[in-house]
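*Asks:* This structure is in structure tokens; I'll ask about it shortly.
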There are 2 protein chains.
Amino acid sequence: MTGETRRIDRVAVIGLGLLGGSLGLAVAQFAPDIATTGFDSDPAVRERARQRGLVDQVCDSAAEAVENADLVILCVPVGAMGAAAREIAGALPPSAIVSDVGSSKQSVMHDLAAALPGHVVIPAHPVAGTEESGPDAGFARLFAGRWCILTPPEGTDEAALAALSRFWERLGSRVDIMDAGHHDLVLAVTSHIPHLIAYTIVGTASDLEGVTRGEVIKYSAGGFRDFTRIAASDPTMWRDVFINNRAAVLEMLGRFTEDLTALQRAIRSGDGDTLFDLFTRTRAIRRSIIEEGQDDAAPDFGRGH
Amino acid sequence: MTGETRRIDRVAVIGLGLLGGSLGLAVAQFAPDIATTGFDSDPAVRERARQRGLVDQVCDSAAEAVENADLVILCVPVGAMGAAAREIAGALPPSAIVSDVGSSKQSVMHDLAAALPGHVVIPAHPVAGTEESGPDAGFARLFAGRWCILTPPEGTDEAALAALSRFWERLGSRVDIMDAGHHDLVLAVTSHIPHLIAYTIVGTASDLEGVTRGEVIKYSAGGFRDFTRIAASDPTMWRDVFINNRAAVLEMLGRFTEDLTALQRAIRSGDGDTLFDLFTRTRAIRRSIIEEGQDDAAPDFGRGH
């Protein structure tokens, strides 16, 4: 605890896809006094980022983007965090806060600490996104009303933590602080396993002999289409999440398959009561999510009818 | 094939929940020359149906509702089809077509044939719905652009089949005709297994020790919230579907768990290529569903941002 406050006047965004682009646009809309620089390793993405004005200045190297930054936010797949951190290490101001938007936090904390010894590293995860990706996908309100989880390592400078919290709040987020290990367990349930299941069922449905792909598509409004949305998410990002949050994902997957096996047994034995009891309990969770403002109340997600 | 045509001037709707109510409203809007009667075994539902005008005339018995009908559509849970059919058997005009909207077709075909020998029975399944239920949930455009699958038994009167097809087309549906057994397999994939998986993961997430229910709700925007929508569907309806389409559900569940186990192994062994390959293939299905008009193209289902 230093008692000082820290100003964030210049933010560098490394990676200009859905998250990085939304971050730049959100700063421009909700915190326009903050200057933004940005970089993406793909020249075509940099070009598109310039056209859309995702950040004030698109730089031609990561080092150039961070050289005057108070805060650097790495918006690359979690498997690329270490490499991105090594790329900026030489140019990073000693006082800059380094953060990220990755979906696994223990791995990111480890990779950033290893690449940037002596720097202030505060991993972060805004729990927000869509199934789209790339420099055309971002929009300023992506983080509005969503939670952003910060996972400061022990001994993190309090002023830096307060500044980073304030930064996310200005973009419309609500901020929570938790241990990285706990984050990884919670998000395994609320994000990683749902994605894994969705990818799996969409894959299963594509590969059947007795049912054609055309039939799967035509009759998808029976529920399947909901799963195809998150199964359309960025493949690189999600490959990296599962590999980097392996332990928590496997633990939660074990719980899920146990529960699925119990339901399978209930169906096989015609035990309608077990099914009915579960199906009644699950309704309450939906209501709570809507009351908490984490989803729309409109039926069918408000799809046009 | 009789060569005659059959007119449908009077439709009786038995069961006035989401599907039955939407049916009545759709007829009033898109086929207003057809008169509708209706019945629900719950007096409170009948009262609400009268207030909303779900059908032209809400009757106080199923027998009264069907006594002049050209077409009777049973809109009750599939486990209640046999009982509903027995209730109308004595009052049903000999020439009336009997159909339904249930999600399993072999069981319904069997139950209706047993209860209504000598009658024209053509089971049907409009692949449409929302997570809501009850007499307040219905709306006229529920079936617009959605597929309605008819599963006529062998030897079904062609004029009756043509009349039923035409009826659904007037409500905005596209009509397909298939074998009941094939229907049950296809819908196990596109509807029943997605619901079972959604119910399971929502149940799993509710019962963890290491993660609180509050955390699950707060961070549900990571993907979990999508699953809570279909896990909020009517418990009675879905209990009956799983019990009545047991064989197809268990077969498809076996396929799903095989595929999930393979992904689990890939995660455990750090085999990112297997994950990446699947995650790339699944994107194509989403695009096809949107091109086919079975889902909105807007990111995140068009949720407000």
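*Asks:* Just give me the residues in region B:112-159 being within 11 Å of another protein chain (Cβ to nearest Cβ) and surrounded by fewer than 19 Cβ atoms within 10 Å (Cβ to Cβ), in sequence order.
*Replies:* First pass over region B:112-159, keeping only residues within 11 Å of another protein chain (Cβ to nearest Cβ): B:125-133, B:136-149.
Residues satisfying the conditions are B:Glu132, B:Asp136, B:Ala137, B:Phe139, B:Arg141, B:Ala144, B:Gly145.
*Asks:* Every residue in region B:245-281 that is among the acidic types (Asp, Glu) and within 12 Å of A:Tyr199 (Cβ to Cβ), please.
*Replies:* If the condition is that a residue be among the acidic types (Asp, Glu) and within 12 Å of A:Tyr199 (Cβ to Cβ), then B:Asp259, B:Asp277 are the ones that fit.
*Asks:* Testing B:Gln51 on (1) out of contact with any helix residue (DSSP H, G or I) (no Cβ under 9 Å at 6 or more places or on another chain); (2) touching a residue at least 12 places away in the same chain (Cβ under 8 Å), one condition comes back false. Which one is that?
*Replies:* (2)
*Asks:* Sticking with this structure for a sec: May I ask you to list pairs of residues, at least six apart or on different chains, whose Cβ atoms are under 6 Å apart, with the first in region A:80-105 being closer than 16 Å to A:Leu161 by Cα and the second being among the small types (Gly, Ala, Ser) and in a loop (DSSP other than H, G, I, E, B)?
*Replies:* Pairs found: A:Ala96/A:Ala69.
*Asks:* Against the condition surrounded by fewer than 24 Cβ atoms within 10 Å (Cβ to Cβ), in the same structural domain as A:His125 (by TED's automatic domain parsing) and touching a helix residue (DSSP H, G or I) at 6+ places or on another chain (Cβ under 8 Å), how does A:Pro77 come out, does it pass?
*Replies:* Yes.
*Asks:* More than 12 Å from every other protein chain (Cβ to nearest Cβ), at pLDDT 95 or above and either within 17 Å of the chain's Cα centre (by Cα) or surrounded by fewer than 19 Cβ atoms within 10 Å (Cβ to Cβ) (or both), is that true of B:Ala162?
*Replies:* Criteria met by B:Ala162.
*Asks:* Here is a check on your reading of the model: is A:Thr236 surrounded by fewer than 21 Cβ atoms within 10 Å (Cβ to Cβ) and in contact (Cβ under 8 Å) with a residue 60 or more places away in the chain?
*Replies:* For A:Thr236, the condition - surrounded by fewer than 21 Cβ atoms within 10 Å (Cβ to Cβ) and in contact (Cβ under 8 Å) with a residue 60 or more places away in the chain - is met.
This table checks each residue for (1) buried (at least 22 other Cβ atoms within 10 Å of the Cβ); (2) within 21 Å of B:Arg255 (Cβ to Cβ).
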residue	(1), (2)
A:Leu253	yes, yes
A:Thr257	no, yes
A:Ala266	no, yes
A:Gly270	no, no
A:Thr274	no, no
A:Arg283	no, no
A:Ile290	no, no
A:Gly293	no, no
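*Asks:* Something else now. For region A:202-305, list the helices (runs of 4 or more DSSP H) that sit wholly inside it and hold at least 2 residues that are within 26 Å of the chain's Cα centre (by Cα), closer than 30 Å to B:Arg174 by Cβ and outside the structural domain of A:Asp111 (by TED's automatic domain parsing); which are they?
*Replies:* The qualifying helices (runs of 4 or more DSSP H) are A:224-230.
*Asks:* How many residues does region B:171-217 contain that are without any contact (Cβ under 8 Å) to a residue 60 or more places away in the chain and either more than 30 Å from B:Arg146 (Cβ to Cβ) or crowded, with 23+ Cβ neighbours inside 10 Å (or both)?
*Replies:* The number of residues fulfilling the criteria is 25.
*Asks:* Would you mind listing the strands (runs of 3 or more DSSP E) fully within region A:46-152 where at least 1 residues are closer than 21 Å to B:Ser220 by Cα?
*Replies:* It comes to A:97-100, A:124-126, A:147-150.
The values are calculated or read from the model by the stated rules, or taken from the named source; none is laboratory data. These figures come from a predicted structure and were not determined experimentally. Note that each Cβ is placed from the backbone with ideal geometry, even for glycine, and that neighbours are counted across all protein chains shown.
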